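Down below is the structure, laid out as structure tokens.
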Amino acid sequence: IYFVTNMSHFTTMKTSFQNFSYLEKALTKLEIVHTRQPNTDNSTLENLIINQSNGYDIQFAWNGEQYELIVDMSFWEQSCPVESFIDKVSQQYAGEVIVGESQKLGFQPIKYQQNQDGSNTVVLERWNEKA
């Protein structure tokens, strides 16, 4: 993740989030309330908006390659610093990717555990059905 600041007060943070569905699932599992918004470049992809009570919303916006986090850092109103926020979302997103892509290969999650050190453990299984 790196920060890019443009002429406005908004900061754009590059992420590695490339899949809308996994990103949305990660936000939902973290109980981060969000809404969908059509992308302004007329693509079929949507952006995700996290409303803040001060009116300065947080946005995950598609840039053609990945979702960027766009935020006015002066008005950050979440319960943790932006770096911690991104870390939490990134960790949950990675878990969603692992489970989702593994299911495409016939694996099923049987255990998902958050460890005391903050890491997650995912146990998957697949039955070989040989006749």
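The values are calculated or read from the model by the stated rules, or taken from the named source; none is laboratory data. This is a predicted model, so every value here is computed, not measured. Note that each Cβ is placed from the backbone with ideal geometry, even for glycine, and that neighbours are counted across all protein chains shown. The area values use the complete protein model at the heavy-atom level, side chains included, leaving out ligands, DNA and RNA. Shrake-Rupley method; radii C 1.70, N 1.55, O 1.52, S 1.80 Å.
Quick notes on this one:
- Folded to 0 to 90 degrees: helix 20-29 orientation relative to the chain principal axis, Cα: 90 degrees
- Percentage, to the nearest whole number, of Cα pairs in the chain over 27 Å apart: 27 percent
- Comparing segment 20-87 with the 2.2 N^0.38 Å rule of thumb, its C-alpha radius of gyration ratio is 1.08 (two decimals).
- Just checking the listed ones, LEU45, LEU69, LEU27: in the Gaussian network model of the chain with Cα springs under 10 Å, the one fluctuating most is LEU45.
- In plain terms, the chain from THR40 to ASN128 could stretch by 27.1 nm, reckoned as 0.36 nm per residue minus the Cα-Cα distance.
- Among the protein heavy atoms of the chain, carbon and sulfur supply 50% of the accessible surface, probe 1.4 Å, non-protein parts ignored.
- In the chain, Cα pairs under 8 Å separated by at least six residues give a relative contact order of 20 percent.
- Positive-end residue of TYR22, LEU48, VAL99, charge dipole of the chain with Cβ unit charges: VAL99
- Accessible area per residue, Å², the chain with all protein chains present, probe 1.4 Å: 65 Å²
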